[in-house]
Each structure stands twice: as C-alpha cells, then as structure tokens.
1. Could you list, in sequence order, all residues of region 18-51 that are closer than 17 Å to Asn80 by Cα, touching a residue at least 60 places away in the same chain (Cβ under 8 Å) and in contact with a Pro (Cβ under 9 Å, 6 or more places away or on another chain)?
2. Tell me whether region 49-57 contains one or more residues that are in contact with a strand residue (DSSP E or B) (Cβ under 7 Å, 6 or more places away or on another chain), at pLDDT 95 or above and not hydrophobic (A, V, I, L, M, F, W, C).
3. Please go through region 99-151 and pick out each residue that is closer than 26 Å to Asp58 by Cα, assigned to a loop (DSSP other than H, G, I, E, B) and modelled with pLDDT of 75 or more.
4. I need the full set of residues from region 41-65 which are closer than 14 Å to Gly77 by Cβ and of a type in the set (Phe, Trp, Tyr), in order please.
5. Being over 15 Å from the mean Cα position of the chain (by Cα) and part of a helix (DSSP H, G or I) is the filter here, so list the residues in region 1-60 that pass it.
6. For residues in region 74-98 being buried (at least 17 other Cβ atoms within 10 Å of the Cβ) and small (Gly, Ala, Ser), which is farthest from the chain's Cα centre (by Cα)?
7. Please verify whether region 12-31 includes one or more residues that are hydroxyl-bearing (Ser, Thr, Tyr) and under 18 Å from Val125 (Cβ atoms).
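The values are calculated or read from the model by the stated rules, or taken from the named source; none is laboratory data. Predicted model, so just to flag it, every value in this text is computed and none were measured. Positions of Cβ are generated from backbone atoms using ideal geometry, with glycine treated the same way; all protein chains shown enter the neighbour counts.
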Amino acid sequence: MAEHHVSVTVNAPVHQVYTLFTHFNDFPKFMSYVKEVTYYDDQRSHWVAQILGRHEWDAINENWIEDRQIGWRSTSGPENTGKVKFLSTGPDQTLVDVFIHYTPPAGILGEIGEKLGGDNRFDIVLQEDLNHFARMVEQAPPGALDPMSSH
C-alpha cells in the first residue's frame, strides 16, 4: 500500500480551515486529480478521480473530531484510507497535515510504478493542490463563509 504525507500552513483560524476542507464537493476546485465528489448522506460520498485513468469509489467518514481531524476509508472501488489533521498554531494560523494510503491501480505493475517514482509525482501534485487550497482560503474576502463555493 502506498503512503503519502504532505502539509501546509494556512493563514486562517482552525475552525474556518476545517470547515472549508470538509466541503468535499469543492475538492475539484483545488485538487487536480479529483474530478467530482457527490454525497449520499452526511457520512458517505462518491468520488471520481483521474489518476492514470479514471477511478471511482465510495467512501465513508471515520474518526472525525471537529476542528481537529477528519478521516475516511473507501468502501468500494480502489482501496484507500486517509486522515487530515488540523492544528491551530496561532489565532489565525492552522497547520494542515494530509495522510493518504492507497493500493496502487494495476496490481503489481502499479506497485512497481510507485517504487520507480510515481509516488514522488503524486506527492508533488498533492503538495501543490494543498498549497492551492491554502491560497484560496487566505485570499477569500474577510468574513466569507465559503470562498470556494460558486455564486
């Protein structure tokens, strides 16, 4: 199973960062691999991603602690789990740590691809996407509830 960890500091209060990050349907606005997220209910969602081909899976929320952590695991499709931790490092500053674990597509060939550098590319893109999220939050007008929602 491939493992990835990236982090970013966001210049915004932890509650705002946590709240905005839990709007999964907004992920396509800042996560380049994620193409669509739809909700079944407040615990389950359907994900579509474009990573070496199109992949779809259902996920269930796990281990959510308000303003501190979110987690998930896939229940169908490619096997993946993860968590995101939020740590207030000041009144208007939040450290966001993202941990993703997944079974590479294409079985043993996917695992070989990960070992040959595919995992480094994923880390780079994931870090860029997380930096994009931070910029979107930081550039929102003061008092904006959701800078990523469409108006």
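1. Answer for region 18-51, where residues must be closer than 17 Å to Asn80 by Cα, touching a residue at least 60 places away in the same chain (Cβ under 8 Å) and in contact with a Pro (Cβ under 9 Å, 6 or more places away or on another chain): just Ile51.
2. Among the residues of region 49-57, not one is in contact with a strand residue (DSSP E or B) (Cβ under 7 Å, 6 or more places away or on another chain), at pLDDT 95 or above and not hydrophobic (A, V, I, L, M, F, W, C), which makes the answer no.
3. Thr103
4. If the condition is that a residue be closer than 14 Å to Gly77 by Cβ and of a type in the set (Phe, Trp, Tyr), then Trp47, Trp57 are the ones that fit.
5. Result: Val14, His15, Gln16.
6. Applying the filter and picking the extreme gives Ser74.
7. no
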